[in-house]
Structure formats: C-alpha cells, structure tokens
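The values are calculated or read from the model by the stated rules, or taken from the named source; none is laboratory data. Everything quoted here is computed from the prediction, not taken from an experiment. Cβ placement follows ideal geometry from the backbone for every residue including glycine, while neighbour counts extend to all protein chains displayed. The accessibility values were calculated without ligands, DNA or RNA, using every heavy atom of the protein model including side chains. Shrake-Rupley method; radii C 1.70, N 1.55, O 1.52, S 1.80 Å.
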Amino acid sequence: MVVPHGSDPPMPADLADLVALAKEGDHQAFEELVRRTYSDSYTLALRLTGDEDDARDVVQESYLRAYRGLKRFRGDAQFTTWLYRITANCASNQLRRRARHRHEELDEELGPVVDASHDPAALADVADLRSRVEGALEELPPRLRAVVVLRDIYDLSHEAIAAELGISESAAKVRLHRARRKLRAQVFPGRGDDQDEESAHAV
Amino acid sequence: MRCDDLGDVLAATADGSVSLDDAARRHVERCLRCQAELVQYRKLLRTLRTLRTEVLEPAPGLLAEILANVEAAGERHAVRSLLSGRRVAYLGGLAAATAAGAGAAIVIATRSKRARLPLAG
Ligand SMILES: [Zn+2]
C-alpha cells in the first residue's frame with residue numbers, strides 16, 4: 001500500500017468522520033484518531049492502574065485492539081466511550097496479570113489515613129479538595145478504584161463496567177458503593193465514623 | 001433506623017440515580033449526621049467529575065510508539081491479506097510482501113525468527 005507523503009488531504013475535525021474514514025481502511029485517519037485521544041486514554045489507564053509503565057502498556061494494547069476491532073464499532077456509542085471500554089478491559093487484564101506477580105496489589109487495607117488536622121480554610125479550597133480526592137483514589141484497592149473511576153469520572157454504565165471488568169452488575173454496584181464510602185472517609189476524615197467496620201463487608 | 005444502616009444507601013443515592021425509601025428519608029430528614037454525609041458525597045462526586053477533563057501527560061514517546069505498533073499491525077494485516085490465507089512458506093511470504101513494502105517483510109521475518117528461537121534452544 002503506497003501512501004503518498006506531502007500531499008495528505010486535511011483531516012476532518014469531527015471524531016465520527018475520522019472513525020468513518022478509518023473504518024474504510026484510511027490508515028492516516030486512524031493515526032489522527034490516536035493523536036487526538038491518546039492523552040485522554042493514557043490518563044484513564046493511569047487512573048486505573050496507578051502505574052506509569054502499566055498505563056503505557058495498557059494504552060498500546062488498547063489501540064491495537066481498537067485498530068483490529070474498528071470494523072465492529074457500530075457508532076451507536078461515542079468513539080471515546082468505546083475506547084474507554086477497551087482501555088478498561090485491558091487495564092483489568094493488566095492488573096490481574098500483575099496481581100499474580102505482586103500479591104500486595106490485592107491488599108484490601110484502607111491504606112494510610114489522611115492527616116485529619118486540616119486547616120478549615122484549606123478544606124474549603126477546591127484545588128485542595130481535588131488533590132485530596134486524587135490522593136484518596138490512589139489509595140483505593142485497584143478493583144474498587146476501577147469501578148469508581150469508570151462510573152463517577154468517565155460515566156460508563158454499570159452494564160459496561162461489569163462487562164469490561166468481568167464481574168456482575170450487582171458486584172459492580174457493591175464495589176462502587178464501597179469505593180465511594182472509602183473515598184468519603186479518606187477525603188473527609190473525622191466525621192461519620194461508620195467506616196471503621198468496612199473490613200467486615202468483604203465484596 | 002440508625003445511621004449505620006444507611007452507609008451504602010447514602011453512597012448509592014448521592015448521585016441521584018436511586019431515591020431513598022420512606023423510612024430512610026424520615027431518618028435523614030431528622031439526622032444532621034446523615035445530611036452532612038450526603039453533602040460530603042455530593043462534593044466528592046462533583047470533584048470526581050471535574051477529574052474527567054484533567055489530562056495526565058504521558059512521558060514523551062508514547063504517541064510514536066503507539067503509531068509504530070499500529071502501523072506494524074496494519075502491515076501484518078496487509079501482508080496476510082496478500083497471502084490470502086494460504087499457508088505459504090516464509091520465503092514465499094517475503095517475496096509477496098516485497099510488493100507491499102520491505103518493512104512489512106522484515107516484520108514477518110523477525111517475528112518468525114523470534115518465535116522459533118525457544119524451539120531451537
Ligand atoms: Zn443518621
């Protein structure tokens with residue numbers, strides 16, 4: 001396949017148009033899709049795996065799968081949503097592989113408790129709240145983190161999350177609620193101490 | 001009904017997807033602690049949503065790596081199509097692949113070599 005260089009037609013602005021071109025075999029259209037979405041995909045992969053190397057591997061694998069599976073993408077969902085699902089699935093596999101090697105990844109402990117002696121002024125600060133939420137996310141066990149990241153940040157449906165993580169929808173919901181409870185306890189320490197018995201409710 | 005009975009319920013209802021049943025609502029209406037918890041969940045969910053637009057920049061080189069991998073996969077696919085599913089010896093494959101581009105031929109050659117190494121060793 002000979003692709004003339006230097007005479008590339010301008011790429012459409014719309015992701016959906018790029019997807020249509022890529023489905024017809026336009027390799028450059030697919031490359032443009034990668035260019036426009038890879039930072040976003042990497043961010044999701046990093047939030048899911050919590051590790052830069054793993055995130056890079058996950059993103060690589062995701063785009064290969066997206067490339068091979070593009071014909072099966074029907075366009076009834078957003079391309080990015082479809083890509084998030086693939087990324088979620090690859091990240092889930094990656095974490096499973098890694099958990100076999102590093103058993104600490106399965107550690108269900110709450111992790112270090114955030115220092116409760118916060119300055120009330122700082123507590124009110126939005127940026128501070130954001131960084132505390134991000135810190136708390138990193139402390140979550142990966143399988144709880146995956147569900148809350150996919151549902152509450154990326155707005156995937158329970159059904160999609162369950163399918164990509166290989167769990168039931170009800171398990172996805174249980175994990176979501178556990179993850180939110182742990183996050184709340186971590187982000188707003190010293191209030192509503194009913195989190196202490198969390199370890200009794202193994203999922 | 002006690003606050004402790006409502007832990008999961010509050011976590012579930014904070015996003016508005018589920019509503020409290022009557023007993024829970026009666027409790028929360030009179031309970032400052034549960035109301036404070038709901039407010040915290042709302043703040044938490046709002047903050048999580050703002051993370052959606054945040055981009056964590058990968059270290060340099062990731063884009064180039066992805067594009068190279070996709071390109072290689074595309075070439076492998078193109079060559080396989082050229083071979084039209086027939087089990088051709090790699091030599092024949094190389095000849096056919098030359099028409100599609102020398103790069104693709106090298107990909108196949110190195111891959112097959114790597115795959116055979118463990119058998120030889
Ligand atoms: Zn209460």
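Taking the 1.4 Å solvent-accessible surface of region A:11-103 as the whole, the part contributed by carbon and sulfur is 43%.
Using a 1.4 Å probe over protein heavy atoms, the accessible area lost on pairing A with B, summed over both chains, comes to approximately 4200 Å². Other protein chain C-beta atoms within 10 Å of residue C-beta, averaged over A:180-187: 5.
Heavy-atom accessible surface of region A:116-192, averaged per residue, reaches 39 Å², computed with a 1.4 Å probe. The accessible-area loss of region A:48-79 on complex formation, taken against its chain alone with a 1.4 Å probe, reaches 40 Å² or more at A:56, A:60, A:64, A:67. Annotation: peptides A:129-135, B:23-29, A:29-35, ranked by per-residue average of other Cβ atoms within 10 Å with the highest first, follow the order A:29-35, A:129-135, B:23-29.
Highest mean packing comes first when the peptides B:6-15, A:155-164 are listed by Cβ atoms within 10 Å, giving B:6-15, A:155-164. Burial of accessible area (probe 1.4 Å, heavy atoms of protein chains only) in region B:40-60, relative to its chain alone, reaches at least 50 Å² for B:40, B:41, B:44, B:47, B:48, B:51, B:52, B:54, B:56, B:58. Peptide B:5-17 shows a mean partner chain C-beta count of 4 within 10 Å per residue C-beta. All other residues whose Cβ lies under 9 angstrom from that of residue A:187 are scored, Lys and Arg at +1 and Asp and Glu at -1, for a net of +3. Rolling a 1.4 angstrom probe over the protein heavy atoms with all chains in place gives region B:3-51 an accessible area of 53 Å² per residue.
If r is the Cβ-Cβ distance from residue B:29 to residue A:35 and R0 is 45 Å, what FRET efficiency results, to the nearest 0.05? Working from the Cβ atoms, E equals 0.30. Residue by residue, region A:130-143 carries 3J(HN,Hα) couplings of 4, 6, 5, 5, 5, x, 5, 4, 5, 7, 5, x, x, 6 Hz when phi is fed to the Karplus relation 6.51 cos²θ - 1.76 cosθ + 1.60 (θ = phi - 60°); x denotes Gly or Pro.
Residue-wise HN-Hα couplings along region A:36-41, as the Karplus relation 6.51 cos²θ - 1.76 cosθ + 1.60 with θ = phi - 60° gives them from phi, are 7, 10, 5, 5, 5, 5 Hz; Gly and Pro carry x.
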